[in-house]
Amino acid sequence: MPNNLYQSVMDVVFKDDCTLSANNRLLMIMLARYMDESGTCSPSYDELAKATSLSRPTLVKGIKALISEGYISCKTAARANNTYQLSVKILSIE
């Protein structure tokens with residue numbers, strides 16, 4: 001992932017007015033590490049659990065929170081990993 005995209009995510013999750021929990025900040029940072037230059041990634045829950053030491057239920061809850069708060073969008077896939085897209089909310093900071 002390009003440094004400027006990763007830096008944009010870091011800037012957002014560490015702003016004083018960021019309302020994300022510590023777990024969701026960690027999850028957002030980890031998703032950012034997986035993202036390509038267009039802000040898209042498809043890590044599995046197992047990959048995210050290993051990278052963050054968060055349980056699957058905590059990851060599912062966190063992903064839902066990131067979606068509902070407008071940080072990411074998600075395309076679900078029947079037999080593949082979900083695809084996450086960084087929101088314009090973060091991309092417009094660059």
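The values are calculated or read from the model by the stated rules, or taken from the named source; none is laboratory data. For clarity, every value in this text was computed on a predicted model and none was experimentally measured. Note that each Cβ is placed from the backbone with ideal geometry, even for glycine, and that neighbours are counted across all protein chains shown.
Scanning the range 32-42 for residues that are touching a Leu at 6+ places or on another chain (Cβ under 8 Å) and surrounded by fewer than 20 Cβ atoms within 10 Å (Cβ to Cβ), we see that the one that is nearest to Gly70 (Cα to Cα) is Thr40. For the range 3-26, the tally of residues that are surrounded by fewer than 13 Cβ atoms within 10 Å (Cβ to Cβ) and farther than 18 Å from Ile67 by Cβ stands at 7. Among the residues of the range 50-60, the ones that are crowded, with 16+ Cβ neighbours inside 10 Å and not hydroxyl-bearing (Ser, Thr, Tyr) come to 3 in all.
At least 1 residues being out of contact with any helix residue (DSSP H, G or I) (no Cβ under 9 Å at 6 or more places or on another chain) and of a type in the set (A, V, I, L, M, F, W, C) is the threshold, and among the helices (runs of 4 or more DSSP H) wholly inside the chain those reaching it are 22-34, 56-68, 88-91. For the range 31-60, the set of residues classified as among the charged types (D, E, K, R) and either under 20 Å from Val12 (Cα atoms) or under 9 Å from the mean Cα position of the chain (by Cα) (or both) consists of Arg33, Asp36, Glu37, listed by residue number.
When Ile72, Ile93, Ile29, Ile63 are screened for being among the aliphatic types (A, V, I, L, M), surrounded by 12 or more Cβ atoms within 10 Å (Cβ to Cβ), out of contact with any Leu (no Cβ under 9 Å at 6 or more places or on another chain) and at pLDDT 90 or above, only Ile29 passes.
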